[in-house]
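Participant: Let me begin by handing over the structure; questions about it come next.
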Amino acid sequence: MPREQAVLYLRSSKDRSDVSIDAQRRELYVLAKAREIIIVGEYADAVESGKDEDRPGFQNLLCDLRSPSRTWNLILVLDTARISRRRLHAVIFEEQECRRYNVRILYKSLPDADPITEMLLKSILQAMDEWHSLTSKTKGLAGMAENIRQGYRAGGTPPTGYRIKRIETGAIREGAPVTKSKLIPDENALQIRAYLQNRARGVSRNDAAKLAGIYGKTGTTLLGIKKNAMTYAGHTIWNRHQEKGSKDYSSVLRDESEWVIHKNTHEPLISEEEAQQILEMLATTSKRRKRNGNNYTYMLSGILFAPKGEAWWGDCGYYRLGKTVRVAAHNVDKAILENVREYATSPAVAEAVAKHYQKMRAEQQYQKRNLDKIDNKINEFDKKISKLVDYLAETSSPAPILRNIEGMEKDRDVLVSTKTALLNQLEGISAYKNVTPAVIQKTLSNLIENMQQEAPEQLRAGLHRLIQKVELCPETFQATITYQINLTESGGKVVLPRGFEPLLPT
């Protein structure tokens, strides 16, 4: 009688107390020798959870099991937990897949018995496997929660801008010190902070990356940075992802109400308010994409209003107002772009900007007189502080004098800050001393030309820098654009309202 041919299935988990792959293999070879079984192959999953079927070795086993060229009809396994920690998965594999293709499973840990007893023992062991999985998960989550409460990290790769610092706990395991980890800022922290702060202010992803000096990172990486906003606010979040294999796993993230947040576990890079602004922006974008079903970039989103102040919003290729009024977004965006090109580069705008500079230069002498007054006040504070310092050496009660000195130094610091800001403003005004309308017109023309060559998101950001708001009347579709042309950081802006021909709704 020919000897039966079999394959091995071996699986080890992350649990240190679990049976190793090598130990399983040894025991199964002993079993095969005792039963005179020929082993013709093996499938192994090292450090893989038994809670789901998404394991490379197990999937290969399943594929070969279904193959018509298969030469074996027996699978040797150490115990029921190797196949799955979930009873339903184990039953489906054995009762449907194996039985359908006439393959048996022989468990080393299961004693020989009649079919009824074997079925009963197997059911008990599979139920215990699932119970073990659930209790292990509960204990693991409790341990993670306690670690987080103590300010340690629960595991995983640190987000960009942080690195892991290992801290010895004093315990020894398997001859090596037990360590826990904390997040600390790394050499990229300042750039990531600048990127996130700009995103919180509404700056586009690519523009924020350029300003922060991290342009060139993939969009996925930048999006991941934004999704970790609360981590960058100094908080540890867990229970954020759906459990793999759950019926809701397609959504990946759980509802925010289910997140577990432990605050102030590590040094923050941004404030909690900035983190919330980023998350709200992410949620709004996600909802809009689901609603729109397309990738159209609405150029005027956030600056398009009706005359009474209601905001138009983009949806399915339209700008909508309320439930009944809509206009094709492409038509509105095209009309605005044409108006910007024609009007913002016109001689009238250049003249208005030049007059603004002239007005600012006329005010320069007045600002210089203010600067002299500030200098005099700073000198007065210096003299008073100096006298008080002299009194300190002669008094036995210095506390009141020290309080006076501290108050004067705070007032003096305010004046110094005011002086610095004023000097910067005067420097900015002086830089435009010889700017003429012709130079302004050429500069704006170059700016508009460069904007129109940008990708949609960059073009949208450019429009938002030039336009303060657009009023679109829902009855006549007459539009009025209010431009804002930023001059210098301290030089203010020129606001130029202008109406143009009606847009036709569709």
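Read the figures in this text as sums done on the coordinates, not as results from a lab. Just so it is clear, the structure is predicted and the values come from calculations on it, not from any experiment. For neighbour counting, all protein chains shown are included, and Cβ atoms are generated from backbone atoms with ideal geometry for every residue, glycine included.
Participant: Do any trypsin sites (Lys or Arg not before Pro) in segment 74-119 lie in a DSSP loop with no more than 16 other beta carbon atoms within 10 Å, and if so, which?
Facilitator: Working: sites: 82, 85, 86, 87, 99, 100, 104, 108; in loops: 85, 86, 108.
Those satisfying the criteria are 108.
Participant: In addition: Can you tell me the FRET efficiency between residue 67 and residue 267 if r is taken as the Cβ-Cβ distance and R0 is 56 Å, rounded to the nearest 0.05?
Facilitator: Values: r = 55 Å, r/R0 = 0.99.
After rounding to 0.05, the efficiency reads 0.50.
Participant: Ranking 88, 10, 472, 371 by Cβ neighbours within 10 Å, fewest first, what do you get? Walk me through the numbers before you get to the answer.
Facilitator: On the way: 88 10, 10 22, 472 25, 371 15.
So the ranking, lowest neighbour count to highest, is 88, 371, 10, 472.
Participant: A follow-up question, please. Once both labels are modelled 7 Å past Cα along the beta-carbon direction, what's the residue 372-residue 36 spacing in nm?
Facilitator: For the pair residue 372/residue 36, the computed spacing is 11.7 nm.
Participant: Could you order peptides 297-305, 157-165, 412-420 by the average number of other Cβ atoms within 10 Å of their residues, highest first? Don't skip to the answer; put the middle values down first.
Facilitator: Working: 297-305: 19.7, 157-165: 16.9, 412-420: 13.2.
Sorting 297-305, 157-165, 412-420 by mean packing, highest first, produces 297-305, 157-165, 412-420.
Participant: A further question on this structure: Exactly which chymotrypsin sites (Phe, Trp or Tyr not before Pro) in segment 43-106 are in a DSSP loop and have at most 16 other Cβ atoms within 10 Å? Provide the component values of the computation, followed by the final result.
Facilitator: Numbers: sites: 43, 58, 72, 93, 101; in loops: 72, 101.
Of the chymotrypsin sites (Phe, Trp or Tyr not before Pro), the ones in loops of segment 43-106 whose Cβ has at most 16 other Cβ atoms within 10 Å are 101.
Participant: Counting other Cβ atoms within 10 Å of each Cβ, which chymotrypsin sites (Phe, Trp or Tyr not before Pro) in segment 364-423 have at most 13 and sit in a DSSP loop?
Facilitator: Numbers: sites: 366, 381, 391; in loops: none.
Passing both the DSSP loop test and the Cβ count: no residue.
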